[in-house]
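Chemist: Can you keep this structure in mind? I'll have questions shortly.
The values are calculated or read from the model by the stated rules, or taken from the named source; none is laboratory data. All figures in this text were calculated on a predicted structure; none of them were measured in a lab. For neighbour counting, all protein chains shown are included, and Cβ atoms are generated from backbone atoms with ideal geometry for every residue, glycine included. Side chains are part of the model used for accessible areas, which takes the heavy atoms of the whole protein and leaves out ligands, DNA and RNA. Shrake-Rupley method; radii C 1.70, N 1.55, O 1.52, S 1.80 Å.
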Amino acid sequence: LERGSTPPQLERPIEFPLNCRLARRAEGIIVHSEWGRSRFAVMAPEVPVAHIKMPVKTPNRENSTNGDANGVVQIAYFGLITPGKGIQKALRALKRLKSTHNFHYTLVGEPNSYFDVRSVIREQGMADHVTITGHVSLEEFERRIASTDIALNLRERTVGETSASLCRIMAAGVPAVVFNVGAFSELPGD
């Protein structure tokens, strides 16, 4: 970490399944994706695995305020800010659009200590187009989702998680861009 490298457990987390021993000794396992169910079926074939949907309530549509009165397209990322969440790729793409499109990119979440996202923003010349909120309450998190035009949830790699933030984004009817990886590959294209 001091040299700036990422430990292999973080770089390739699927290759370091630290839950194998727990899975094999469990009485049962609950997952939120078919992708997760199939991985545990191989890892712990004797243990029953149930797939249930992530419990997320649908927000009140009357509170939705998508867009900006000044015509600024509100693009946002929601969750812990880490290197594997496609933020650098998003910043590079948005940099190419900033001279021809009116948008603002908000990172709603806490920056991670081993990923200097602020320097990446500065390097891309995007400081005037990006805001980092830091940790916010669930109420504020959901309010920010409701005021978003396009959500970016670009997980470059996965550890088998189902994104609660993405479930909230989809429940709010906000268009989301995701990578076709892990459980995200089960999402409908529309």
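Chemist: Determine ³J(HN,Hα), in whole Hz, for all residues of the range 44-50 in sequence, where each value follows from phi through the Karplus function 6.51 cos²θ - 1.76 cosθ + 1.60 and θ = phi - 60°; x replaces Gly and Pro.
Modeler: Running phi through 6.51 cos²θ - 1.76 cosθ + 1.60 with θ = phi - 60° gives 9, x, 8, 9, x, 10, 10 Hz.
Chemist: How about the range 88-190: which chymotrypsin sites (Phe, Trp or Tyr not before Pro) there are in a DSSP loop, with at most 15 other Cβ atoms within 10 Å of their Cβ?
Modeler: Details: sites: Phe103, Tyr105, Tyr114, Phe115, Phe141, Phe179, Phe184; in loops: Tyr114, Phe115, Phe179.
For chymotrypsin sites (Phe, Trp or Tyr not before Pro) across the range 88-190 that sit outside H, G, I, E and B with at most 15 neighbouring Cβ atoms in 10 Å, the list reads Tyr114.
Chemist: Then there is this: Simple spin-label model, 7 Å along Cα-to-Cβ: Ala127 to Phe179 in nm?
Modeler: It is 2.8 nm.
Chemist: Can you list the residues, at least 5 places off or on another chain, whose amide H is less than 5 Å from the amide H of Thr106, using H built in the peptide plane?
Modeler: Excluding prolines and chain starts, which carry no amide H, the hits are Ile75, Ala76, Tyr77, Thr131.
Chemist: Taking the inverse of the average 1/r across all pairs of different Cα atoms in the chain, what Kirkwood radius in Å do you get?
Modeler: Details: mean 1/r = 0.0549 Å⁻¹.
Every distinct Cα pair counted, the radius reaches 18.2 Å.
Chemist: Under 30 Å Cα to Cα from Lys95, which lysines show up? Leave out anything in the same chain fewer than 8 places away.
Modeler: Leaving aside lysines fewer than 8 places away in the same chain, those within reach of Lys95 are Lys85.
Chemist: I'd like the accessible area for Thr58: 1.4 Å probe, protein heavy atoms, all chains in place, Å² to the nearest 10.
Modeler: Rounded to the nearest 10, that gives 90 Å².
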